[in-house]
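One structure is given below, encoded as structure tokens.
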Amino acid sequence: MKLRDNNGCSKNWLKPIFKGCKVHGAGYTVREVRCAVLLCFLLCTVHRAPCTDRLIYQSTMAGIGSSSVYDSYLSPLEYKGYNFGLIYEEMSQTKILKGNVFAQHLFQLEVSDTRNPAETAENYTGWLNYDYGLFYRFKPVQKFQFFAGVQAGGLLGFVYSLRNVNNPVSVKAYINLNVSGMAVYSFQIKKQPVRLRYQVNVPAMGVLFSPHFGQSYYEIGLGDNADLVYFASFHNQWTVRNLLSVELPFKTFTLRLAYLNNLYETRQNQLQTHLSSSSFYIGLSKQFFIVSERKPNNNFINVFD
Amino acid sequence: MFLTNHINRYAVSGARCTLLCTFLFFSCVEIDKYDNTARGNFEALWKIMDEHYCFFEYKQVDWDKIHAEYSQGIDTITKVESLFNVLDKMLQELKDGHVNITSSFNVGRYWKWFEDYPANYKQELINAYLGTDYQIAGGMRYKILDDNVGYMRYADFSSSIGETGLDYVLLKFRDCAGMIIDVRDNGGGMLSNSDRLASRFFEEKTLVGYIQHKTGKGHNDFSELTPQYITPSLRVQYLKPVVVLTNRKCYSATNDFVSAMTYAPHVTIVGDKTGGGSGLPFYSEIPIGWPVRFSACPMYNAEKQQIEFGIEPDIPVGLSNEDAQKEKDTIIEAARKLIIQH
């Protein structure tokens, strides 16, 4: 296999196939042509389905912003500070429902450093979130696209107090089914293409981890691990992720600027958590083909065309 | 007409989208807001203790009455030190060495659990017994006394106590008649060190206590008791006679260690009653930024009895001034005699 861009086919993939055939000066011999014809026939007849190439959209961004952390297991006070984050996204068309369904992998990593109002204590927060989603695409009018779908994913993280002893850390963990939607609007400013995208993820149901009101992790370590996982939905978990981005395709790269607002809140066992952040991201995105081993052709659909 | 219809449609969509986005940015968790005033800090501290402290019923403390008593005059306080003194005094009503409020200029404390009793410990006597040729392994200082009794001083359960170091200490004492573990004046530290040390003196898995936690904000909202076991270490064990020396300053993790060792087969507790401190402490804080520590999870012995106010020794022995003048530690001498006679 060889990666190529979506500007056209490359002949380089043919070289290994022609290895056994001799080349005499300019042009090809009859024997070489017969090799090529036979090979093409084999490739196209062994696999009866039409040959298509899969276009992948990929984006990587880094960001910085402000964070607010409240965890009643650690402190009754709200901590505020700054955060750093990374977002990696991959999206591609699937074969479901005649290619109208798109799959998305979304990774998000965030670490933050926050302090109490009196600036006498410090917390570190870190979490990794992954969601896999399937979206159905609607194209109601030209230049507008809407994606609606579901995601399955989870988060693993912690809030760590540098000062507390015996209750220094609050572990955050959940697995959820999310409702997600995306709106995409493509336009031009003078001759510069612009793609505006907004995505919102809302976990609808799942499970989350929570210790009991005054339970120590020492006790959990002793084996007191009953009733630590709870059904999560809108009665005890309110989480939403808003991502607004602008993509500016240039000649050799596409610049992506984004604003991310994260809100993660839970209420369980009379413990409350509020983790929120507002961050600005910058990064690059690209679209590329993964060439299948079938006969390549130009039958492809851009993810965001 | 066509243009008007399009504009209308997008305007409605935009309004709905805006509303949705606004709604989605809205927070649902209500964060308690406390003023950084004398009253605000007082109420925050009182509430933290009210919801999280675990010994109100056991100690028969009427926390609402204390609120009424200490609330008077709070609003007239203008100095930070005055506020600290009032809050500290309120916390001392709990008579708990695990309850402290800490500022940049002072640490509030209740130390009557040892201040009101004989010390039963003199460092200069320990120095005389150890001399200058003792060995050091982590937080342990150890040597063999001249009557072939091993002596190990462990002053702080916060100090490391490695498995390999323990192996060396116990192997050093393998030909001794027995060993003394002196944990007097050890105010506590890490429970993991307590468990690690105790595990060297048991032959089989033994129930040594229980722990529970609060399940809610009520003074009686507690979980079921979780058993605590000592599992014998797979490394060097010491099953010869052991004497653990205690005094009133044995607190917290030391209290837990002594409680566990009372169930070890070859161990005798000699000295004074321990200071107690069986509540596993948690931390919180008040708006001014002062951290507050408090007992959150009560621990019990294997008979489910409270050990918050200490553990009686098997053989009570006090330090004699006459012996001290002869550079003799009465408690160590009693332990040596016990081991030799065993």
Taking every residue of A:211-224, the Cβ atoms of other protein chains inside 10 Å of its Cβ average out to 6
Between the alpha-carbon centers of the range B:159-204 and the range A:264-290, tell me the distance in whole angstrom.
47
Report, in degrees rounded to the nearest 10, the 0 to 90 angle that the Cα long axis of helix B:330-341 makes with the longest principal axis of chain B.
60
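Rounded, prolate or oblate: pick one for the range B:192-340, where a ≥ b ≥ c are the square roots of the eigenvalues of its C-alpha gyration tensor, a/c under 1.5 means rounded, and failing that, prolate if a/b is larger than b/c, else oblate.
Numbers: a/c = 2.43, a/b = 1.47, b/c = 1.65.
Verdict is oblate for the range B:192-340.
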Taking amide H atoms as placed 1.01 Å from N in the peptide plane, list the residues 5 or more away in sequence, or in a different chain, whose amide H sits under 5 Å from that of B:His213.
B:Ser223
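Which entries of A:Lys95/A:Lys172; A:Lys172/B:Lys59; B:Lys143/B:Lys328; B:Lys214/B:Lys273 have Cα-Cα distances beyond 26 Å here? Could the numbers behind the result be given before it?
Numbers: A:Lys95/A:Lys172 36 Å; A:Lys172/B:Lys59 35 Å; B:Lys143/B:Lys328 17 Å; B:Lys214/B:Lys273 28 Å.
Check vs 26 Å cut-off fails for A:Lys95/A:Lys172; A:Lys172/B:Lys59; B:Lys214/B:Lys273.
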Give the cross-link partners of B:Lys33 among the aspartates and glutamates, using a straight C-alpha distance below 20 Å as the criterion and excluding same-chain residues fewer than 8 apart.
A:Asp71, A:Glu78, A:Glu119, A:Glu122, A:Glu265, B:Glu43, B:Asp50, B:Glu51, B:Asp75, B:Glu285
Can you send over the carbon and sulfur percentage of the accessible area for the range B:256-328, probe radius 1.4 Å, protein chains only?
43
Exposure rank, largest accessible area first [A:Ser161, A:Ser72, B:Ser192; 1.4 Å]
B:Ser192, A:Ser72, A:Ser161
Any idea of the total accessible area buried by the B-A contact, 1.4 Å probe, rounded to 100 Å²?
3500
Accessible area per residue, 1.4 Å probe, Å², for the protein assembly as shown: what's the number?
49
So how do A:266-272, A:232-238, A:75-81 stack up, highest first, on mean other-Cβ count within 10 Å?
A:75-81, A:266-272, A:232-238
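Given Cα pairs under 8 Å that are at least 6 residues apart, what percent is the relative contact order of the range B:201-342?
After rounding, I find 24 percent.
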List the aspartates and glutamates whose alpha-carbon lies under 13 Å from that of B:Lys240, not counting same-chain residues fewer than 8 positions away?
B:Asp175, B:Glu203
Cβ-placed point charges (K, R +1; D, E -1), dipole of the protein assembly as shown about Cα centre in debye, nearest 20
5300
What lysines does A:Lys191 reach when the alpha-carbon gap must be under 22 Å and sequence neighbours fewer than 8 apart in one chain are set aside?
A:Lys143, A:Lys251, A:Lys286
Among A:Gly181, A:Gln108, B:Ser284, whose Cα projects farthest towards the positive end of the dipole of the protein assembly as shown, with charges put on the beta-carbon of Lys, Arg (+1) and Asp, Glu (-1)?
A:Gly181
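Quick one: putting +1 on the C-beta of Lys and Arg, -1 on the C-beta of Asp and Glu, what dipole do you get for the range A:127-219 around its Cα centre, in Debye to the nearest 20? Could you put the intermediate results ahead of the total?
Working: 9 positive and 2 negative charges, 168 e Å.
Taking the Cα centre of the range A:127-219 as origin, the dipole is about 800 debye.
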Could you work out the relative contact order of the range B:142-267, using alpha carbon pairs under 8 angstrom and six or more residues apart, expressed as a whole percent?
31
Report, to the nearest 10°, how far helix B:80-92 tilts away from the longest principal axis of the Cα atoms in chain B, using its own Cα long axis and a range of 0 to 90°.
60
Which one, B:Gln72, A:Val229, A:Thr120, is farthest towards the positive end of the dipole of the protein assembly as shown when Lys and Arg carry +1 and Asp and Glu -1 on their Cβ?
A:Val229
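Hey, what number do you get for chain B at 222 nm if only DSSP H runs of n ≥ 4 count, each worth -39500 (n - 2.57), divided across all residues, to the nearest 500?
Values: 11 runs with 116 residues, N = 342.
Calculated from helices alone, the mean residue ellipticity at 222 nm is -10000 deg cm²/dmol.
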Which positions within the range B:274-294 get 10 Å² or more of their accessible surface covered by the other protein chains, compared to the chain by itself, with a 1.4 angstrom probe?
B:Leu280, B:Pro281, B:Phe282, B:Tyr283, B:Ser284, B:Glu285, B:Pro287, B:Ile288, B:Gly289, B:Pro291
Only loop residues by DSSP count here, and only those with at most 11 other Cβ atoms within 10 Å; note down the trypsin sites (Lys or Arg not before Pro) in the range B:205-292 that meet that.
B:Lys205
Farthest toward the dipole's positive end in the range A:179-286, which of A:Asn262, A:Gln272, A:Pro249, given Cβ charges of +1 (Lys, Arg) and -1 (Asp, Glu) about the Cα centre?
A:Pro249
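What shape does the range B:152-216 take by its C-alpha gyration tensor, where a ≥ b ≥ c are the square roots of the eigenvalues and a/c under 1.5 counts as rounded, a/b above b/c as prolate, and the rest as oblate? Mind showing how you got there, number by number?
Details: a/c = 2.31, a/b = 1.63, b/c = 1.42.
Prolate, since a/c reaches 1.5 and a/b exceeds b/c.
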Net charge near B:His67, counting Lys/Arg +1 and Asp/Glu -1 over other residues with Cβ under 10 Å of its Cβ?
-3
Within 10 Å of each candidate Cβ there may be at most 15 other Cβ atoms; applying that plus a DSSP loop requirement, which GluC sites (Glu not before Pro) in the range B:31-123 survive?
B:Glu57
Please work out how much accessible surface A:Thr60 shows to a 1.4 Å probe, ignoring ligands, DNA and RNA, in Å² rounded to 10.
70
Between the range B:100-123 and the range B:266-342, the alpha-carbon center distance in angstrom:
14
Could you report the accessible area of B:Thr262 in Å², rounded to 10, computed with a 1.4 Å probe on the protein chains as they sit in the structure?
60
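The values are calculated or read from the model by the stated rules, or taken from the named source; none is laboratory data. What you see is a predicted model; the values in this text were computed from it and never measured. Because the Cβ atoms are built from the backbone with ideal geometry, glycine has one as well, and the counts that use them run over all protein chains shown. Calculation scope for accessible area: heavy atoms of the full protein, side chains included, ligands and nucleic acids excluded. Shrake-Rupley method; radii C 1.70, N 1.55, O 1.52, S 1.80 Å.
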